[in-house]
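Before any comments, here is the structure.
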Amino acid sequence: MEISKCDECNGKVVKKEVDFKLYGDVLGKFPAFVCNKCGEEIFDEETSDKIDEAAKKKGLWGLGANGKVIRVGSSIALVINKKIAQFLNLKEGREVYIHPENKNRIIIDVQ
């Protein structure tokens, strides 16, 4: 696979090794085509497969999940699945700070 122009901004694309992060963990350095204008990183299929394998080895593969909002008394609560709770080291009684990023996204900072 050879790429010379960025699909996002038409900038020049060069091949280089980049750190790939998933959920804040560095999975390693991987070859990518990187736009010198917007920074877009493009990985070929073989590299994507290697990234997936690294994520699986670190237990990060498939970590995203749907949650459910439930009623608790006069409040509501968000149910977080076990895999995400373990990744974040969330336990009953642990303090978190919750704030909206916008009308469609909340941020939960684990204290």
Filter the range 17-39 for residues that are modelled with pLDDT of 95 or more, charged (D, E, K, R) and either touching a helix residue (DSSP H, G or I) at 6+ places or on another chain (Cβ under 9 Å) or within 18 Å of residue 1 (Cβ to Cβ) (or both) and give the result.
17
I need the full set of residues from the range 55-110 which are outside any strand (DSSP E or B) and either of a type in the set (S, T, N, Q) or over 30 Å from residue 28 (Cα atoms) (or both), in order please.
66, 73, 74, 81, 86, 89, 92, 93, 94, 95, 103, 104
Residue set 32, 65, 77; condition surrounded by fewer than 13 Cβ atoms within 10 Å (Cβ to Cβ) and more than 16 Å from the chain's Cα centre (by Cα); output residue 77
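Of all residues being acidic (Asp, Glu) and part of a loop (DSSP other than H, G, I, E, B) in the range 1-52, which is farthest from residue 88 (Cα to Cα)? Just the residue, please.
Quick first cut of the range 1-52, residues acidic (Asp, Glu) only: 2, 7-8, 17, 19, 25, 40-41, 44-46, 49, 52.
Going one step further and asking which of them are part of a loop (DSSP other than H, G, I, E, B), we end up with 2, 7-8, 40, 44.
Numbers: 2: 39, 7: 35, 8: 33, 40: 28, 44: 31 Å.
Selected residue: 2.
The values are calculated or read from the model by the stated rules, or taken from the named source; none is laboratory data. Quick caveat: nothing in here was measured; it's all calculated off a predicted structure. For neighbour counting, all protein chains shown are included, and Cβ atoms are generated from backbone atoms with ideal geometry for every residue, glycine included.
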